[in-house]
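Notes for the one structure printed next.
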Amino acid sequence: MLEYFASLKFPALMNNCTGAVGQGLIWGLLALGIFLSFRMLNIADMTVDGSFATGGVVCVMLIIGGWNPNAALIVSFFAGLICGAITGLLHAALGIPEILSGILTQFALYAVNLNILGKANQTLPIVKQRDLLFRANTDFLPRTILITAVFVGVVIAVLYWYLNTEHGSGLRATGINEKMARAQGINTKAMKVIGLALADGLVALSGGIYSQFYGSADINIGRGAIVIGLASVIIGDVVCHAIFRKRMNLLLRLVFVVVGSIIYYIVQAFVIWLKLPSDDMKLLIAIVVALFLAVPNLKQARLASFSGLARRNAKLQEQKGGEGNA
Amino acid sequence: MLEIRELYKTFNIGTINEKHALNGVSLKLNPGDFVTVIGGNGAGKSTMLNAVAGVWPADSGMILIDGEDISGKSEYQRAKFLGRVFQDPMIGTAADMSILENLALAARRGQRRGLRMGVTRAEISKYKEALYSLGLGLEERLTTKVGLLSGGQRQALTLLMATIQRPKLLLLDEHTAALDPKTAAKVLSLTRQLVNENKLTALMVTHNMKDALQYGNRTVMMSDGRIIVDIDRENKMRLKVDDLLRLFETHSGSALVNDRMLLG
Ligand SMILES: Nc1ncnc2c1ncn2[C@@H]1O[C@H](COP(=O)(O)OP(=O)(O)O)[C@@H](O)[C@H]1O
Ligand SMILES: [Mg+2]
């Protein structure tokens, strides 16, 4: 026991935390994409596990092929747009349920990504890593964090602006009440396709930056991305609501999506520092996400449920029975 | 204005639940007509309005607005010409958006939605004034989420949204049926006010015979997916609810017995 505590080094935790902030910011872009699809369009977009990896493999292969790394990121973004649009079209044009559309695209993307990558894993040559803006190397970490933070800030600003335009308002209305949106002349099918495309564009961009950060891309980097993104969105929502209550607005919500992502990675860093098996964290996170997604329903159920009413009525009868006997 | 020609719609074709909901219904409205629509449950009233709104394509027949056949257009494309209020107060508005945002969405019905701001400062005073005319105090609550409003308030707001961008035709499908009598009366008088002020052409389905006679300048009765009686302004003024019931019986061969209608 003592040995265990002695083995925990505080500087190592600080180090892990700095890395976690960087990771959180990068995955924050993914979480913003999921915020767009899940919270604004009300669609759980299963594409992201695939499109995140697509962003990563496209970026790495282009850099290996001699592309400028920042130009490669732009291509990653567009690759993601296409992934999301495909999911959107499967749903809007062919009538396949949203979740299944996403799963199909994700499934197909595994093959696509593997073909792009050529093998299961590609590492960027050291020479190529020199001119990357995003690097996990401790010497460059503070610079990476700064650049990523500015970048994420710009993305939040653009998203906030977009969601308040006529088009963005139409997209939000589609997510809230499709029937109303159509009655107001909004092409809800087009809105879903565009929204999913944008969301997966952000996810792929996040994947591209992530692959630069680690100087490599793996066919499996996107595994579980949807849950991490959902967890970030949910943590962000809960924290934002706890701090701002009724003053919560769209801009704060967007900012706190990224805060949620950073919190997620700091918790993960802490778990790793405690030398707990980090793969078990997936179980923990799944439980936490399930709990938070259930909270609104449970609150409702506490106010009104069949079993609750049955119990109260049984009690009343019992009391009546008791009086009758007396 | 609106002309419906020989419209047919069958639901669940080829199944045991096959239902001929519209059997060649035809109806022509003149500009400024405010037509109330009555008929038994399942007569096809909602189906007729949904066909006009383009919720699904009709099997055959034409729907003309100002002489243009719109039956090939999808629901969101037709919205340009139509204002709609539904029976369920939840359907007409976006609960998670503010009163202001809902009105701004409605004001852009039929226009291209681009990257201009969704709500501009210049619109706000216009909406305040319009809300003030409802007399519900909503003009003081512009940034309130619509989900926090009562059913009656939401229905009044939906009415305003349906008319703020003047529609060629207003479609009201039992839009007061889910409200308590007092609120229903208030929303009905608002309906009349908005229709008169904007000189709108309107189709209003109601299950309340008194309302059907009292509102509008024309009443049509539906049965079995067809219009069986068409009552003009002069006759409408003379008729009582009892006459209406008798008219229905003679034309449909069955009684229009329905507690909801008698009591409502
Ligand atoms: N979307 C639908 N699918 C299947 N059947 C429908 C649908 N809409 C209406 N119907 C059927 O068509 C008939 C007419 O319905 P409706 O127009 O709603 O009657 P009402 O005159 O009471 O408004 C009813 O038998 C109804 O069950
Ligand atoms: Mg009906």
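Laboratory data are not the source of any read-out in this text; all were calculated from the coordinates shown. Because the structure is a prediction, the values reported are computed rather than measured. Don't worry about glycine lacking a Cβ; one is built from the backbone with ideal geometry, like all the others, and counts go over all protein chains shown.
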Exercise. GNM, chain A, Cα, under 10 Å: largest mean-square fluctuation among A:I228, A:I86, A:I186?
Worked result: A:I186
For this session: Within 10 Å, count the other beta carbons around each residue, average over each peptide in A:19-30, A:200-211, and list them highest first.
Result: A:200-211, A:19-30
For this session: Report the convex hull volume per residue for the stretch A:173-326, counting only C-alpha atoms, in Å³.
Result: 233
Exercise. So which lysines pass the test for B:K182, namely a Cα distance under 16 Å, with those fewer than 8 places away in the same chain ruled out?
Worked result: B:K210
Exercise. Taking neighbour counts of Cβ atoms within 10 Å as a proxy for exposure, in what order, fewest first, do A:F306, A:F270 appear?
Worked result: A:F306, A:F270
Problem set entry | Most mobile of B:T206, B:T176, B:T143 in a GNM of chain B (Cα contacts under 10 Å) | B:T143
For this session: Could you work out, residue by residue across B:110-117, how many beta carbons of other chains sit within 10 Å of that residue's beta carbon, and then give the average as an integer?
Result: 5
Problem set entry | Helix B:241-252 vs. chain B, principal-axis angle (Cα, 0 to 90°, nearest 10) | 60
Problem set entry | Spin-label pair B:S60/B:T10, simplified geometry with 7 Å Cα→Cβ offset, distance in nm | 1.0
Problem set entry | Label-point separation, A:V238 to B:K182 (7 Å along Cα→Cβ), nm | 4.3
Exercise. Using mean Cβ contacts within 10 Å as the protection proxy, how do B:42-49, A:310-317 order, highest first?
Worked result: B:42-49, A:310-317
For this session: Would you calculate a helix-derived [θ] at 222 nm for chain B, using -39,500 (n - 2.57) for each DSSP H run of n ≥ 4 and dividing by the full residue count, to the nearest 500?
Result: -10500 deg cm²/dmol
For this session: Over 23 Å between C-alpha atoms is what I'm after, so list which of A:K189/B:K45; A:K192/B:K9; A:K189/B:K73; A:K192/B:K73 land there.
Result: A:K189/B:K45; A:K192/B:K9
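How many partner chain Cβ atoms sit within 10 Å of a residue's Cβ in peptide B:154-165, on average, as a whole number?
Going residue by residue through B:154-165 and averaging, the value is 1.
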Exercise. Picking from A:M61, A:M46, A:M14, which is most flexible by a Gaussian network model of chain A using Cα springs under 10 Å?
Worked result: A:M14
Exercise. Under 29 Å from the Cα of A:K282, which lysines turn up, not counting those fewer than eight places away in the same chain?
Worked result: A:K9, A:K119, A:K299
Exercise. Among residues other than A:G22 whose Cβ falls under 11 Å from its Cβ, what is the net charge (Lys/Arg +1, Asp/Glu -1)?
Worked result: +2
Exercise. What is the mean number of Cβ atoms from other protein chains located within 10 Å of the Cβ atom of each residue in peptide B:91-97, rounded to a whole number?
Worked result: 6
Exercise. What's the angle, to the nearest 10 degrees (0 to 90), between helix B:181-198's Cα axis and the longest principal axis of chain B?
Worked result: 80
Exercise. Among the aspartates and glutamates, which have Cα under 16 Å from the Cα of A:K246 when same-chain residues fewer than 8 positions away are ignored?
Worked result: A:D237, B:D96
Problem set entry | Distance from the stretch A:148-170 to the stretch B:172-188 (C-alpha centre basis), Å | 40
Exercise. Based on Cβ point charges of +1 for Lys and Arg and -1 for Asp and Glu, what charge dipole magnitude is obtained for the stretch A:179-326 about its Cα centre, in debye rounded to the nearest 20?
Worked result: 760
For this session: Check every DSSP H run in chain A and write down those whose alpha carbon atoms cover 30 angstrom or more along the long axis and whose mean Kyte-Doolittle hydropathy is 0.5 or greater.
Result: A:10-34, A:69-92, A:141-163, A:188-214, A:250-273, A:281-303
Problem set entry | Isotropically averaged projected area of the stretch A:2-275, using the convex hull of Cα atoms (one quarter of hull area), nm² | 15.9
